[in-house]
Amino acid sequence: MSVEKSDIYPLYTRQMTKAKEALTPEAMEAWRHFSRTVFKEGALPEKTKQIIAVAVAHVTQCPYCIKSHTKQALKKGASKQELMEAIWIAAEMRAGAATAHAAIAFDTMEKL
């Protein structure tokens, strides 16, 4: 039996957001303010920030973030090629971390 994506990751709806906001309105407003602040134009252009977000979303493996920030990056002018290059950087960094952390296992093996 195959598992549908919607069984694992439910569709993120406006109703869901409103329900979360009703439970914790101050936290939701703080989150929105933080998000708006982080992604507004600064030393880095908005396009670059969205490309970074796409890469980070792949490292953190957040499907909602991948979809949302990919859309935002395209709206801010990122090309498909730029996004794929950023995704490959994310893949390399995640693999690199696994390789680097092998030192912990190696150290443990050597001590035993």
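Set the Förster radius R0 to 25 Å, insert the Cβ-Cβ distance between Tyr9 and Thr99 as r into 1/(1 + (r/R0)^6), and round the FRET efficiency to 0.05.
0.30
What is the spin-label model distance, in nm, from Ala91 to Cys65 if the labels are put 7 Å beyond Cα along the C-beta direction?
In this crude spin-label approximation the distance works out to 1.9 nm.
In µm²/s, what is D for segment 5-111 at 25 °C and 0.890 mPa s, where D = kT/(6 pi eta Rh) by Stokes-Einstein and Rh is the Kirkwood radius from Cα pairs?
Translational D for this selection: 151 µm²/s.
Taking the Cα centre as origin and putting +1 on Lys and Arg beta-carbons and -1 on Asp and Glu beta-carbons, what dipole magnitude results for segment 5-111, to the nearest 20 debye?
560 debye
Each value in this text was obtained by applying a stated rule to the coordinates, not by laboratory testing. Owing to the predicted nature of the structure, the values given are computational and were not obtained by experimental measurement. Because the Cβ atoms are built from the backbone with ideal geometry, glycine has one as well, and the counts that use them run over all protein chains shown.
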